[in-house]
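Structure, as structure tokens:
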Amino acid sequence: MMDVLSFPWIDFSVAGVVIGSIYALMAVGLALIFGVSNLINFAHGAVFTIGSYIGWTCLMYLGLPLWLSVFVVAIGGGMVGALIEWLAIRPLNRQSRIAPLLATIGVGLILDQLVHIIFSATPRALSADLPDWRVTVGTGTIGIVDIFIFSTAVVSAGLLYLLLFKTKIGMAVRATAQDDDAAMQMGVKIHAVNMTVFATAGALGAIAGLLVGLYFNSIDPVTSFNIMLKGMVAIVIGGMANVPGAIGGGLILGLIESYGIGFFGASYRDLFAFAVLLLMLLFKPNGLFAKARERQAEPMTGTFVTQSRPFPIPWWATALVVLLAALLPMLDRPYVTQVMTNALIYALAGMSLTLVAGTVGMVSIGHAAFLAIGAYVSALLTLAGLPVALGLLSAGIITAVLGTGLAYPSFRLRGHYVSIGTLALGQIVVLVILNWDSVTNGSLGLYGIPPLEFFGLPLFSTNATYWFVLAIVVVAGLLQARLLNSHLGRTWRAIREDTVAAETYGVASNYYKGLAFGFAGFIAGIGGAVTAHQFSFIDYNTFNLLISVLILTIAILGGLGNITGAVLGAVLVAALPEMFRVLAEYRMMFYGVALILLIRFRPQGLLGSG
């Protein structure tokens, strides 16, 4: 840790302001969309990535001047933003508020996959023909790239101000943000306003993508989710629908990150960002620059689970399917058996998520954190000499306790803040694993994890592992079904349908949410532990954000709250792409398309919501 007196404050302050300016551009776009559409646009990071590659094409491939490249990037980003609104958001304007949020996750997956296909996953160098000089300021320096990035951000903010306050469309945008129903009655064309907002946000996000590439002299297609999350942190700091606050939040986040890197190292950059996000959600969810009477977020429980009767499946049919599944290894197809084993592990994760999202109504976007906790707990304990069977059980118990404790702060959140809070928790768990070198071995991960066995009975063969995981899925499914059909399950569904009404009748909602997360954590923790012992190696990236998105897709595909649906969704999402490995390059696009189509045409899932 660097000494405060010898710390180069000017250099790190300049770096913080420059990178904060880029975060501000991202945050302004997110704040605009949220203010008008009451929506967190998870595809905004993909627009950022597209902007960086449009900039690379202009500067490095076509040789265009920098000023013209910025203009082309803004146009391209605006067109992508408008298409997102037209194709993915507008068809869902009659559905619940959580539906378009989930749709933007699918759009982001598709756009990211397209960038990978067109430009490959290899990072590319990006530079501009600018003078190589620096201005000395005290003990620090400011470069021409720093000045250009800050100036571009200021000019973009100025143009946005002119658009919002000096044009008729800007007046319509502000009126819609204040009261969309009243604006519609006054003749405002809401669809045109929404498309304008998405286009404006897309242009700002794309410019931010170009500026980041210039600042770091390279672009990378895997940065979209991370940069989108940074913009989200910035708007939470400044205020979800507060455009000036978003600018301030971006600058504050940039300075926090820069000083954190200077004192503790670059690996702590994201940890500081998400820690700030969590603290803001807990203590000042409306942001530092919120107005005195900022409108409170409404509960989102019960707003996505479409009321429908679950598809009736007789008990004998379920038993027959389980019997046929148990006979699968007899086909003597080890690869198919291995794929189905992985699908069953995902089924455990899907069952745990469908409990908290479908039954209690809390949509978690960081659910892979439960798998990560379970995997590391069991791996560490068994590497220390504990039998694997006890390691699996300990993983479930510790994940239930620790996961519930980590999720508890999100119980008091409302609206989109629930999804943001669970997302932040998921990222914090991964970053703690990355930086806790003395325990988790940091980025090197844990290797040599003991294979599966049950008190001396080896289970590490392909067939034995499959039967063992299948048995866990059956037991967990029966136990969860028993809970859902009990008084406890009815209480969970009451909280999902109307938290306020349930609390009015004396239901302690936080207590019952804790029970749901505890049981979900127990199942997911065992699933993560089985993964660790199955592959004998895990690292911080084994259970990343994309795994959380995959689990969410599984839960929605089968039907939120539907146990059998979670198993079916896992088989379809995790197993089928493996059967068609020739199309492996398009796997994430498949997930994104599936998520969008489900939300658009079958929000209750294939087997109906529970």
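Points to keep in mind about this one:
- The H on the amide N of Leu64, modeled in the peptide plane, is under 5 Å from the matching H of Leu59, each at least 5 residues off or on a different chain.
- Rounded percent of accessible protein surface that carbon and sulfur make up, the chain, 1.4 Å probe: 68
- Amide H contacts of Gly143 (H built 1.01 Å from N, under 5 Å, at least 5 apart or other chain): Val135
- Across all directions, the average flat footprint of the convex hull enclosing the Cα atoms of the range 450-579 is 9.7 nm².
- Calculated log₁₀ intensity ratio I(q)/I(0) where the Debye formula runs over C-alpha points of the range 12-106, q = 0.10, 0.14, 0.16, 0.18 Å⁻¹: -0.33, -0.62, -0.76, -0.90
- Annotation for the range 376-417 versus the range 213-289: alpha-carbon center distance of 27 Å.
- Relative protection proxy for 331-344, 74-87, 552-565, from highest mean packing down: 552-565, 74-87, 331-344 (other beta-carbon atoms within 10 angstrom).
- Phi-based couplings in Hz for the range 32-45 (Karplus 6.51, -1.76, 1.60; Gly and Pro marked x): 4, 5, 5, x, 8, 9, 6, 9, 8, 8, 6, 8, 5, x
- Annotation for Leu130 and Arg90: the two label points, set 7 Å from Cα along the Cα-Cβ direction, are 3.7 nm apart.
- log10 of Debye I(q)/I(0), alpha-carbon scatterers only, for the chain at 0.06, 0.07, 0.12 Å⁻¹: -0.32, -0.44, -1.25
- If the segment from Ile75 to Trp9 were pulled out straight at 0.36 nm per residue, it would be longer than the present Cα-Cα gap by 20.1 nm.
- Residue-span extension gain [Asp498 to Val222] - 0.36 nm each, minus C-alpha spacing: 95.5 nm
- Ranked packing of 361-367, 434-440, most packed first, by mean Cβ within 10 Å: 361-367, 434-440
- Accessible area per residue, Å², the chain with all protein chains present, probe 1.4 Å: 42
- Kirkwood hydrodynamic radius of the range 142-217, from the reciprocal of the average inverse Cα-Cα distance over all distinct pairs: 13.9 Å.
- Per-residue packing, averaged as other Cβ atoms within 10 Å, sorts the ranges 594-602, 151-159, 455-463, 515-523 into the order 515-523, 594-602, 151-159, 455-463, beginning with the highest.
- In Hz, Karplus ³J(HN,Hα) per residue of the range 63-74 (6.51, -1.76, 1.60; θ = phi - 60°; x = Gly, Pro): x, 6, x, 4, 4, 6, 5, 4, 5, 5, 4, 4
- Here the gap between Ser486 and Lys284, fully extended at 0.36 nm per residue and compared with their Cα-Cα distance, gives a gain of 69.0 nm.
- Per residue of the chain, the DSSP helices (runs of n ≥ 4 H) give a summed -39500 (n - 2.57) that works out to -22000 deg cm²/dmol at 222 nm.
- Simple label model, 7 Å out from Cα along Cβ direction - Leu320 to Val154, nm: 7.4
- For the range 398-405, backbone phi angles converted through the Karplus equation (6.51, -1.76, 1.60; θ = phi - 60°) give residue-by-residue couplings of 5, 5, 4, 6, 5, x, 5, x Hz, Gly and Pro being listed as x.
The values are calculated or read from the model by the stated rules, or taken from the named source; none is laboratory data. Keep in mind the model is a prediction, meaning the values are calculated, not measured. We place every Cβ from the backbone using ideal geometry, glycine too, and count neighbours over all the protein chains shown. SASA here: full protein model, heavy atoms, side chains in, ligands and nucleic acids out. Shrake-Rupley method; radii C 1.70, N 1.55, O 1.52, S 1.80 Å.
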